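Asker: Handing you this structure, nothing more for now.
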Amino acid sequence: MKTTLLLSSLLLILFSCNLSTDQDFKDIAKDTCDCMSMFTDELSDEMKTILIETEGDEAAFDEAFTKYVDEYPAEGMKDALALSGADSPEIMECIEGLEKKYDNVYTTLSENEILEKVLAELDKMDDCGVTAAIMKMGMAAQ
């Protein structure tokens with residue numbers, strides 16, 4: 001699924017970032033959510049709910065998505081097309097911009113600790129639940 005490619009790219013950004021303050025975590029979470037909104041805004045409310053409720057469990061997501069497509073084929077196909085656009089040039093350009101923006105910040109935290117802190121910030125933000133869910137799915141896939 002193309003979402004996995006996007007997740008990998010998103011996680012690479014976070015792995016390459018060395019964050020030094022709590023504000024850095026808030027900033028990267030906001031910027032990540034903003035980048036992802038180019039993708040997540042195209043998803044239906046039902047798809048957003050599926051992503052959030054499955055909490056990063058890819059098997060649960062696949063099951064819920066299949067059920068959704070079976071019950072609502074037209075809407076499901078629109079969401080499938082939206083999901084396939086997760087690696088669009090615009091999103092990839094935004095992600096590359098984040099890599100450059102946060103390239104020179106430093107921390108001694110492990111990659112997993114960085115991801116957890118950014119995820120915690122995403123969970124606090126309104127309208128970033130889908131981005132948090134996608135990040136959880138990417139983390140679970142590792």
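The values are calculated or read from the model by the stated rules, or taken from the named source; none is laboratory data. A quick note: this is a predicted structure, and the numbers were derived from the prediction, not measured. Glycine gets a Cβ as well: all are built from the backbone with ideal geometry, and neighbour counts include every protein chain shown.
Asker: Within the stretch 40-74, how many residues are assigned to a helix (DSSP H, G or I) and either exposed (fewer than 15 other Cβ atoms within 10 Å of the Cβ) or at positive phi (or both)?
Answerer: Within the stretch 40-74, residues that are assigned to a helix (DSSP H, G or I) and either exposed (fewer than 15 other Cβ atoms within 10 Å of the Cβ) or at positive phi (or both) number 12.
Asker: Which of the numbered conditions does K30 fail, given that it passes all the others? Conditions: (1) farther than 18 Å from M125 by Cβ; (2) within 13 Å of the chain's Cα centre (by Cα); (3) surrounded by fewer than 18 Cβ atoms within 10 Å (Cβ to Cβ).
Answerer: (1)
Asker: Test each condition in (1) within 27 Å of D27 (Cβ to Cβ); (2) assigned to a helix (DSSP H, G or I) for D127 and report the one that comes out false.
Answerer: (2)
Quick grid of which residues meet (1) aliphatic (A, V, I, L, M); (2) at pLDDT below 85; (3) under 18 Å from Q23 (Cα atoms):
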| residue | (1), (2), (3) |
| --- | --- |
| L51 | yes, no, no |
| G56 | no, yes, no |
| K67 | no, no, no |
| A80 | yes, no, no |
| T131 | no, no, no |
